[in-house]
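Asks: Mind having a look at this structure? Questions to follow.
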Amino acid sequence: MRRRFRGSDVFSTPSTSMSYVGTPVLVEEEIENDYYLLAKAYFDSREYRRAAHVLRDQTGKKAMFLRGYALYLAGEKRKEEEMIELEGPFGKGTTINCELGGLEQELCMHRKKGSIDPFGLYLYGVVLRDRGCDDLARAVLVESVNGYPWNWNAWSELQSLCTSIDILNNVNVNIKNHWMKDFFFASAYLELKIYGEALKKYELLQGNFSLSDYVQAQIATAQYSLSEFDEAHAIFDDLLKNDPYRVDTMDVYSNVLYAKESCSALSCLAHRVISTDKYRPESCCIIGNYYSLKGLHEKAVIYFRRALRLNRKYLSAWTLMGHEYVEMKNPAAAVDAYRRAVDINVRDYRAWYGLGQTYELMAMPFYALYYYRKSAYLQPTDARMWVALAQCYESGQLNMLDEAIKCYKRAANYNEREGIALSKLAELHDKLGRRDQAAMYYKLDLERMDEEQREGPNVIRALSFLAEHCQSQNKHEEAQIYCTRLLDYTATEKETARNIMGMKTSQSGFPSMEVDQFMP
Amino acid sequence: MDTIWRPATSFTLTPHKISVCALIQLYATPSPDTVPFPFSSVSQHNCFAIFLISLIKATDDFVEQSLERLIMQLKAVTGELDMFIAHRLTERLSSLSSADELFNFFAGLQVVFGSNETTNLEDEQISLDTNSILGMFVRRCTLTFNVLSFEGACHLLTNIAAYCDQFSSCSDLSHYYSPIRRTFSVFVVNDSKKEAELLDPEKLRLANYVPDHDPHRLEAGSSAGLLTGTQDCSSFFRIREVQRVPTQAQVPVKPKISSLEDKIEDRMLCQPNEVGTNDTAGHLVLRTNWQVQGFLKEKADLFENKKAFFRLHEFENMLKLLEKLAPELHRVHYLRHLNSLYHEDYINSLDNLRRYFDYSAGLEGIDTSSSSFASNPRDGKYETALLCLGILHCHFGHFNLAMQALTEAVQICHKNSDDFGLACTLAAICDLLSNIGVSSMNGILGSSYCSAIPASLDASLSTQRHLLVLLKQSLERAESLKNARLIAFNRLALAKFDLEQIKRPLLSFGPNASTRLRTCPISVCEELRISPYLLSEFGSDAASLPTDGSFCTSWLKKLEKSGSSSILLDEVGSGCNDDSLSSATEPSVLPNCILQLCGASYLARAASWELYGSSALVRLNALVHAICFADCSSSSDSSLAYVKLVQYLATYKGYQDAFTALSLVEKRFPPLSHLHIQLLRLQLLHEHFIHRGCIKRAQQVCDELGVLVSSASGVDMDLKAEVNLRHARTLLAAKQFDQAASVAHSLFCMCYEFNMQIKVASALLLMAEIHKKAENACTGLPYALASLTYCQSFNLDLLGASATLTLADLWLCLGSVHAKRALSLLHQVLPMILGHGGLELRARANISIAKCYLADSTFSVVEDPNSVLDPLNHATEELEILQYHELATEAFYLTALIYNALGKFEEREAAATSFKKHMLALENPGDQEDSFL
């Protein structure tokens, strides 16, 4: 990869209007000697300690990196093993990678001497992160990506350390303006839930990398996060045509299909990934989604659990498992699952929302408020959060109608799709005796329903209220319009309309017979 | 991975448990003698057994103790045998260097049970009962070893190596035990690196950290005792152990000075906390489940008693470590919640409370043995979450939110038919209603969301009536549950209610309805007496928790305190405690919560006697609380008892004694975290300044008191009333009668509005005083009479006596014709005043008596000088102690006049000199400095 880029300057900087720095040219490495090749062979066959041992006296930068990386991986492997071996009554005690201390010392020394290449720096950054020195780790990783921008792993480690927009902005100052930086920022924005920005960056990148599956998948993920399911669906479909054995980000695709309730497509996807790689957390998650959509919640839980066994920090699996437990009427387990998701990523608004929902289901609206507030704080432009909060306030136990109205207003401002907010606003204002405001919201609600060509009890309620209200305000013509519409409905509504119009006719002195002439 | 909470029952083998097994083997080796070989007497042998049981059960820490500490304890228990036993122990441990030897060790352990054939033949032979505590422990260890995987055995061996290595590196003890170094040299590597590492500032920084989890530091502070030095040593070496550069790295690292410097530089950028906790957990081993839970429970109790001794970060570090070792132990979040709560960190406190209940559904750690816990465990006990949330909001002064949480808790309890939870929640609501100011409650009770209040009561009823109905309901529930703790709590609350409120029938119409409005001291007494009596029945109650863990803990602590001397010699007379303020170490058979309620009943008694007017009984009850319940009561309760005692001193012995006592009390209860103490100081200062005529300073103090009223925890109406009362008094002392009267008037209105009847009586009395001073006797009389009526209906005898005294003064002001009437009034209340009144009241009464006699035209000084001189002399003595200059001048003036009339010029001159002295002091209040302030 590196060689390819180094050979041709044409690839080094993509042609855009943006001014990027030139790609740093690396000094020619020492010739790979036999020791190195032997170690690499051991490394490839996953005999890490053996590989490290072979390189014990090698001083080249490449050898040094390989030895360090092999040691790190050996330590990680032992750590994972120990974690299972040491499971006590209170869960798995946190085991540590015993190589970290030695590696840190050694890499630190090399860094000070300047005898370290960007790959070594990457390793140093990883070690520092594991040791909990986040600031230094960031600085080292920035050095690494500045030295060699194509090491995506270094970028991802750096991204995992940028947990807030402030940190990201601080890091931004030190990174050279290479085009890889755009990939990094796009990805970081996506992670930090700044979807609009992420989408913009990716669309820009797509101009240069029009054939990149990765960029396409990221765009689809962003679209999904913005609840643009149709767009996301189309992109993922395309992606699968080009790359039928892909498993990465397919869990997001399954979420899209779940949201669109396309059962058969989801089953096809599940079939496809399971034949590609059964033991990937994504695969398990997709199957879990499928079972969930089919209403087989026990089975879904089994697959989500498997996904979590493969990756304990797999955020969406915890949240989805929480949903399944809610369906299975096991609130304690649901709460636990959601809480784990929240503790892995405190910005996961879905899990906060799930917590609120579970407590609300347990008839604890006051307790649920806290969680809904958290979710609304994290996702302030999402009308669903505000509706949930409002419903809590509105519940019989709390009966805090003014607060509920405030929340519904917010929801209505953020284009609430299901139309709950407007009708609720109208209803609540009516309940509190503010008839003018109620009429305003009923009108808005009616307009919306007309636009969407909806029919149902809400339309009738709005029409009856508006007819009555206009009548009482002496807006007879308007009242007439609503009454006429009411006449299209069933007997009770006709009766209401007739009553209102009867009142009107008696008030205006017309003979009441006139109404009957219009009757169908 | 498990998403639902599961009981943690498994038992893991640790090096410390192996040590205990080895010691048990030593204890119960079959031998032909009465006691096995190293022990010389039966008592020594028994003491060793108690020590072993304590090691198994103690809850003084959550990590297994080090070998070094064990050997120190051995030394204290066995005296001269320690060398031998410790040697045997280390020898045994050092022989365990392979999995096979472990196997042999456990096989050999079976000897302690004796064989079935021999037990009934040889009667004297020592053998363990398989069902005894020690027997069960050995069986459990053996069973655990038998199901241990090979990897588990390997880890155990590594841990044993670390355990011994830690010890052998401690130079001052290692001369005992040479075998260790020899055997474990296999495991101990890279010794040369240690020295370099010790220079590393990062590792030195850890030294701050490890001792923190040491429970001794978190307690009374002084108990570290003899072990301090050695423990520091051990923790230091623990760090060395943990921080060792990994052995398998096989990197020829030769740290040079420059690289170390670089490292320091790099480390400056790191976050210190994270470094601290990342690696230290390495070789620490967690204790058994019940020990850890017991430890956490003890800590939670300690929070209430001695919160001042918890430092936020120290405790937090300990919890962090515990969380590392046991990520599934959710109780940690609860403790963290308590820690934040007591350090007034609202956000963390709320967050951790919710985290705890989210993870554990309220089923972990909290006592769920009550009968009500029959519902499906899948449902969780979220009502407890709401109850805790209510208490949290209450603590931070969010009474609306607290009420909402508690209301929801009531609903959930109903839904889950959790009677116990319901009774607790009702009790909490009662507590909330009775403790916070009445004013804050009015808004809450009227609002629509407070549906905890039964629907039968409409919102128009006063808070007090709501409270009474709730209290009765709550008591009924507690009685039907037969839960002594709750019954006692409710009875106490009822007593408190009876004390402060007039009882009137809830529904009163018609001519036959009783209209007598009185408080009833008898019912108060009855409630107070019944409540602690009930507690003796706690044995049948769910609250009875096993206390042997804390017994063992305190036994071990005592052992460590006794230090090097053998406990056998020390046992006689070790009970005495030189620090009278520090708590006794012997744990009680009764659970703490029971004792706490018991103690609270004594405080309530003190409060009731304070109102009814018996100072001696106030003092007695406060003393009982301070002496008998210091250990178990919450720090706010015990500080209150001391406040009462200091107040007694101020009233009866003068300010000098009171301030000396106060400074002692302040040492124990830092005023910053104890509002009572802060208040007390200000109250004493205010009175003192008023008496000495330093009006400006008195007003300053009064203003400071006013600041306390607007505290974060809502406005305390009682305190607000008191501030107004003191403000009016200051104005009165400054002779600004108009202003004083208007303040007193607004005070009266406020008290009347919020139904604070006792304060109404004081406000009326104050009005009477103001009018008396302003020489409006006619206007003053009705106020004094009204006050007297209030006092009578509330049985406020002492306040009534003081009102009568004012009444008598007012009559006297109306002219000498009323002197006889005034005197007879005074004679009525004299027994009360002389028996229970403070220095000031007595002096005032004495002066009034003298004035009555002098005003009486039928009385002749020459014939009966003692009738006036005696009271005046008493008064002057009392006023000198109080340094009450204004009254003192009056008394000396009268004395001088009388001596003049009697022709005793020497005495007259003496009285006149004293008069002059007090007059000067009164005119120049700034001149005198108090040595005791």
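Asks: Condition (residue is open to solvent by less than 10 Å² (accessible area, probe 1.4 Å) and more than 16 Å from the chain's Cα centre (by Cα)) applied to segment A:338-349: is it met by at least one residue?
Replies: The answer is yes; a qualifying residue exists.
Asks: Okay, moving on. Is it the case, given these coordinates, that B:Asn755 is open to solvent by 40 Å² or more (accessible area, probe 1.4 Å) and not in a helix (DSSP H, G or I)?
Replies: Numbers: open to solvent by 40 Å² or more (accessible area, probe 1.4 Å): yes; not in a helix (DSSP H, G or I): yes.
Yes: the conditions hold for B:Asn755.
Asks: Okay, next question. Here is a check on your reading of the model: is A:Leu355 more than 14 Å from every other protein chain (Cβ to nearest Cβ) and modelled with pLDDT of 85 or more?
Replies: Against the criterion (more than 14 Å from every other protein chain (Cβ to nearest Cβ) and modelled with pLDDT of 85 or more), A:Leu355 does not qualify.
The rows are residues; the columns are (1) over 30 Å from A:Phe209 (Cα atoms); (2) modelled with pLDDT under 90; (3) more than 32 Å from the chain's Cα centre (by Cα).
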{"position": "A:Ser17", "(1), (2), (3)": "no, yes, no"}
{"position": "A:Glu32", "(1), (2), (3)": "yes, yes, yes"}
{"position": "A:Ser45", "(1), (2), (3)": "yes, no, yes"}
{"position": "A:Leu86", "(1), (2), (3)": "yes, yes, yes"}
{"position": "A:Gly93", "(1), (2), (3)": "yes, yes, no"}
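Asks: In segment A:50-66, how many are within 11 Å of chain B (Cβ to nearest Cβ) and surrounded by fewer than 18 Cβ atoms within 10 Å (Cβ to Cβ)?
Replies: 3
Asks: State whether one or more residues within segment A:232-251 are of a type in the set (Lys, Arg) and touching a His at 6+ places or on another chain (Cβ under 8 Å). Break it down stepwise before answering.
Replies: First, pick out the residues of segment A:232-251 that are of a type in the set (Lys, Arg): A:241, A:246.
Retained after the next criterion (residues that are touching a His at 6+ places or on another chain (Cβ under 8 Å)): none.
No: segment A:232-251 contains no residue that is of a type in the set (Lys, Arg) and touching a His at 6+ places or on another chain (Cβ under 8 Å).
Asks: When segment A:67-89 is examined, which residues are found to be more than 9 Å from chain B (Cβ to nearest Cβ), of a type in the set (Lys, Arg) and either under 18 Å from A:Glu106 (Cβ atoms) or touching a residue at least 60 places away in the same chain (Cβ under 8 Å) (or both)?
Replies: none
Asks: Same structure, new question: When you look at B:Glu274, is it modelled with pLDDT under 75 and either under 30 Å from A:Glu106 (Cβ atoms) or of a type in the set (Val, Ile, Thr) (or both), yes or no?
Replies: So B:Glu274 passes the test.
Asks: Of all residues in segment A:135-168 being open to solvent by 40 Å² or more (accessible area, probe 1.4 Å) and within 12 Å of chain B (Cβ to nearest Cβ), which is farthest from A:Met180 (Cα to Cα)?
Replies: Only one residue tops the list, namely A:Asp135.
Asks: For A:Arg312, only one of the following conditions fails: (1) basic (Lys, Arg); (2) in contact with a Gly (Cβ under 9 Å, 6 or more places away or on another chain); (3) facing chain B (nearest Cβ under 8 Å). What is its number?
Replies: Of the numbered conditions (1) basic (Lys, Arg); (2) in contact with a Gly (Cβ under 9 Å, 6 or more places away or on another chain); (3) facing chain B (nearest Cβ under 8 Å), the odd one out for A:Arg312 is (2).
Asks: Turning to a different aspect of this structure: Filter segment B:717-752 down to the residues that are open to solvent by 60 Å² or more (accessible area, probe 1.4 Å), closer than 24 Å to B:Leu684 by Cβ and either outside any helix (DSSP H, G or I) or without any contact (Cβ under 8 Å) to a residue 12 or more places away in the chain (or both) and list them by number.
Replies: Selection gives B:Lys735, B:Gln736.
Asks: Hey, could you check segment B:860-907 for residues that are in contact (Cβ under 8 Å) with a residue 40 or more places away in the chain and more than 57 Å from the chain's Cα centre (by Cα) and say which is farthest from B:Ala921 (Cα to Cα)?
Replies: The residue in question is B:Val862.
Asks: For segment A:406-442, give me each residue that is under 15 Å from A:Ala388 (Cβ atoms) and not basic (Lys, Arg). If you could, list the steps in order and put the result at the bottom.
Replies: Quick first cut of segment A:406-442, residues under 15 Å from A:Ala388 (Cβ atoms) only: A:406-412, A:414, A:416-418, A:420-421, A:424.
Once the filter is applied, which keeps residues that are under 15 Å from A:Ala388 (Cβ atoms) and not basic (Lys, Arg), segment A:406-442 yields A:Cys407, A:Tyr408, A:Ala411, A:Ala412, A:Tyr414, A:Glu416, A:Glu418, A:Ile420, A:Ala421.
Asks: How many residues does segment A:376-405 hold that are farther than 14 Å from A:Leu425 by Cα and within 14 Å of another protein chain (Cβ to nearest Cβ)?
Replies: The number of residues fulfilling the criteria is 7.
Asks: Also: Which ranges mark the helices (runs of 4 or more DSSP H) fully within segment B:49-112 that have 1 or more residues being β-branched (Val, Ile, Thr)? Even if it seems obvious, please write down each step before you answer.
Replies: Details: elements: B:67-78, B:82-94, B:99-109.
Filter on segment B:49-112 gives B:67-78, B:82-94.
Asks: Could you tell me which residue of segment A:381-401 is nearest to the chain's Cα centre (by Cα), considering only residues that are in a loop (DSSP other than H, G, I, E, B) and more than 27 Å from A:Lys193 (Cα to Cα)?
Replies: Of all residues in segment A:381-401, those in a loop (DSSP other than H, G, I, E, B) come to A:381-382, A:395-400.
Then drop every residue that is not more than 27 Å from A:Lys193 (Cα to Cα), which leaves A:395-400.
Details: A:Ser395: 29, A:Gly396: 33, A:Gln397: 32, A:Leu398: 31, A:Asn399: 32, A:Met400: 31 Å.
Filtering segment A:381-401 for residues that are in a loop (DSSP other than H, G, I, E, B) and more than 27 Å from A:Lys193 (Cα to Cα), the one nearest to the chain's Cα centre (by Cα) comes out as A:Ser395.
Asks: One residue is enough: does segment B:807-817 have a residue meeting the conditions at pLDDT 85 or above and charged (D, E, K, R)?
Replies: Looking for residues that are at pLDDT 85 or above and charged (D, E, K, R), one finds at least one in segment B:807-817, hence yes.
Asks: Kindly indicate the residue of segment B:400-428 that is of a type outside the set (A, V, I, L, M, F, W, C) and within 9 Å of another protein chain (Cβ to nearest Cβ) and also nearest to A:Met400 (Cα to Cα) among those meeting that condition. Step through it out loud before you land on a result.
Replies: First, the residues of segment B:400-428 that are of a type outside the set (A, V, I, L, M, F, W, C): B:400, B:404, B:407-408, B:411, B:414-419, B:421, B:425.
Next, from what is left, pick out any that are within 9 Å of another protein chain (Cβ to nearest Cβ): B:404, B:407-408, B:411, B:415.
Details: B:Gln404: 11, B:Thr407: 14, B:Glu408: 14, B:Gln411: 17, B:Lys415: 22 Å.
Selected residue: B:Gln404.
Asks: A further question on this structure: Name the residues in segment B:142-169 that are within 42 Å of the chain's Cα centre (by Cα) and within 14 Å of chain A (Cβ to nearest Cβ), would you? Full working, then the answer.
Replies: Start the filter on segment B:142-169 by keeping residues that are within 42 Å of the chain's Cα centre (by Cα), which leaves B:144, B:156, B:159-160, B:162-169.
Of everything in segment B:142-169, those that are within 42 Å of the chain's Cα centre (by Cα) and within 14 Å of chain A (Cβ to nearest Cβ) turn out to be B:Thr144, B:Leu156, B:Asn159, B:Ala162.
Asks: Something else about it: Of the conditions (1) under 17 Å from A:Gly356 (Cβ atoms); (2) within 11 Å of chain B (Cβ to nearest Cβ), A:Val301 fails just one. Which one is it?
Replies: A:Val301 satisfies every listed condition except (1).
Asks: Please verify whether A:Arg373 is open to solvent by less than 10 Å² (accessible area, probe 1.4 Å), within 28 Å of B:Met403 (Cβ to Cβ) and either at the interface with chain B (Cβ under 9 Å from one of its Cβ atoms) or without any contact (Cβ under 8 Å) to a residue 24 or more places away in the chain (or both), treating the condition exactly as stated. Lay out the reasoning, then the answer.
Replies: Numbers: open to solvent by less than 10 Å² (accessible area, probe 1.4 Å): no; within 28 Å of B:Met403 (Cβ to Cβ): yes; either at the interface with chain B (Cβ under 9 Å from one of its Cβ atoms) or without any contact (Cβ under 8 Å) to a residue 24 or more places away in the chain (or both): yes.
Considered against the rule, which asks whether it is open to solvent by less than 10 Å² (accessible area, probe 1.4 Å), within 28 Å of B:Met403 (Cβ to Cβ) and either at the interface with chain B (Cβ under 9 Å from one of its Cβ atoms) or without any contact (Cβ under 8 Å) to a residue 24 or more places away in the chain (or both), A:Arg373 comes out as no.
Asks: Which of the helices (runs of 4 or more DSSP H) found entirely inside segment A:240-300 contain at least 2 residues meeting this: of a type outside the set (Asp, Glu) and over 28 Å from A:Lys329 (Cα atoms)?
Replies: Hits in segment A:240-300: A:263-276.
Asks: Out of (1) surrounded by 23 or more Cβ atoms within 10 Å (Cβ to Cβ); (2) at pLDDT below 85; (3) touching a Ser or Thr at 6+ places or on another chain (Cβ under 9 Å), the odd one out for B:Tyr382 is which?
Replies: (3)
The values are calculated or read from the model by the stated rules, or taken from the named source; none is laboratory data. Bear in mind that the values here come from a model prediction, so they are computed numbers and not experimental data. We place every Cβ from the backbone using ideal geometry, glycine too, and count neighbours over all the protein chains shown. These area figures cover heavy atoms from the full protein model, side chains too; ligands, DNA and RNA do not enter into them. Shrake-Rupley method; radii C 1.70, N 1.55, O 1.52, S 1.80 Å.
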